[in-house]
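Novice: One structure, as structure tokens, below. Some questions next.
The values are calculated or read from the model by the stated rules, or taken from the named source; none is laboratory data. From a predicted model like this one, the values you see are computed outputs, not experimental measurements. Because the Cβ atoms are built from the backbone with ideal geometry, glycine has one as well, and the counts that use them run over all protein chains shown.
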Amino acid sequence: MLIGSDVAQIELSQVGDQIYVPEMDRTLDVVGILEPTGTEDDGMFYIQLATAQEMFSKPGQLTAISIRLVNPDDAPVVTSRLGNIKGAEVITMGELLGTMMTLMGAAKSLLLSIVLIIIVISALGVLNTVLMSVFERTREIGVMRATGAGRTHVFGLVWLETLMLSFLGGAGGLVVALFGARLLEGLVKRFLPLAPKGSVVALEPGSFLLVMLFVLGIAVAAGFYPALRAARLRPIEALRKE
């Protein structure tokens, strides 16, 4: 087999060494190492066609042929000629990238829809949680009002509690999202041979700040009604609650 320069460094292999392929239970000799090209070829293994057909139980068959043109401008002519071959299905890199962009667009729309649904559910969850907290502490609020606390104090206390809970929840969600994204990226790259080598998950302080401001915005909107309801409680009625 021939191996790319990256493979040689990863496998610590030299010409004359052997590489075991556990999936096929075969051992192949390294007969050459390609010079670095800066492309995906550096991470490839190359074996003879007959050997590959034997290993994959495809005697005399080809599943795919990759063609790289010296001049990309010749792609339409070459594609037209190859399309005349009986049984051949020609897929250009442009078509492949177009399909990938379409899939990415559909995935983006789906994610945005999911995000909007999650935002609504989160806002309702915060509203319900804070409102139940106000109901459970009706007597405490009545005592505060009876001992001199004004409506503004009660309103600010409930609203501040909503902001603190939302801030902690948002910060925890960002940490989970960061580690979860890296884990998901590693799993997806195993099935995408054309995926970039570097990580596409970046830690951007600006994005984190924007997310936290958005979370606090939801908290402000969701906590307004419970805080207003708590502030409007009359001390006498609140102290009568069991």
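Novice: Hey, among 124, 103, which residue is under 17 Å from residue 218 (Cβ atoms) and either surrounded by 12 or more Cβ atoms within 10 Å (Cβ to Cβ) or not charged (D, E, K, R) (or both)? Break it down into steps so the answer makes sense when it comes.
Specialist: Details: 103 fails: under 17 Å from residue 218 (Cβ atoms).
None of the other options fit; the residue is 124.
Novice: Which of the residues spanning the stretch 6-16 are loosely packed, with under 13 Cβ neighbours inside 10 Å and outside any helix (DSSP H, G or I)?
Specialist: The answer is 12, 14, 15, 16.
Novice: Within the stretch 71-159, considering only helices (runs of 4 or more DSSP H) that don't extend past its boundaries, which have at least 3 residues that are within 21 Å of the chain's Cα centre (by Cα)?
Specialist: Here the list reads 93-136.
Novice: Taking the stated definitions as given, is residue 35 under 30 Å from residue 177 (Cβ atoms) and in contact (Cβ under 8 Å) with a residue 24 or more places away in the chain?
Specialist: Details: under 30 Å from residue 177 (Cβ atoms): no; in contact (Cβ under 8 Å) with a residue 24 or more places away in the chain: yes.
When the stated conditions are applied, residue 35 does not pass them.
Novice: Could you run through the stretch 129-180 and say how many residues are of a type in the set (Ser, Thr, Tyr) and either free of Cβ contacts under 8 Å to residues at least 12 places away in the same chain or outside the structural domain of residue 212 (by TED's automatic domain parsing) (or both)?
Specialist: As a first pass, look at the stretch 129-180 and keep what is of a type in the set (Ser, Thr, Tyr): 129, 133, 138, 147, 152, 162, 166.
With the extra rule that they be either free of Cβ contacts under 8 Å to residues at least 12 places away in the same chain or outside the structural domain of residue 212 (by TED's automatic domain parsing) (or both), the set shrinks to 147.
Of the residues in that region, 1 qualify.
Novice: Considering 56, 45, which residue is under 30 Å from residue 9 (Cβ atoms), surrounded by 10 or more Cβ atoms within 10 Å (Cβ to Cβ), out of contact with any strand residue (DSSP E or B) (no Cβ under 6 Å at 6 or more places or on another chain) and not charged (D, E, K, R)?
Specialist: Numbers: 45 fails: out of contact with any strand residue (DSSP E or B) (no Cβ under 6 Å at 6 or more places or on another chain).
Matching residue, one of 56, 45: 56.
Novice: List the residue pairs whose Cβ atoms are under 7 Å apart, where the first residue sits in the stretch 84-105 and is touching a residue at least 12 places away in the same chain (Cβ under 8 Å), the second is part of a helix (DSSP H, G or I), and the two are 6 or more positions apart or on different chains.
Specialist: Short answer, once both residue conditions are applied: 92/75; 92/79.
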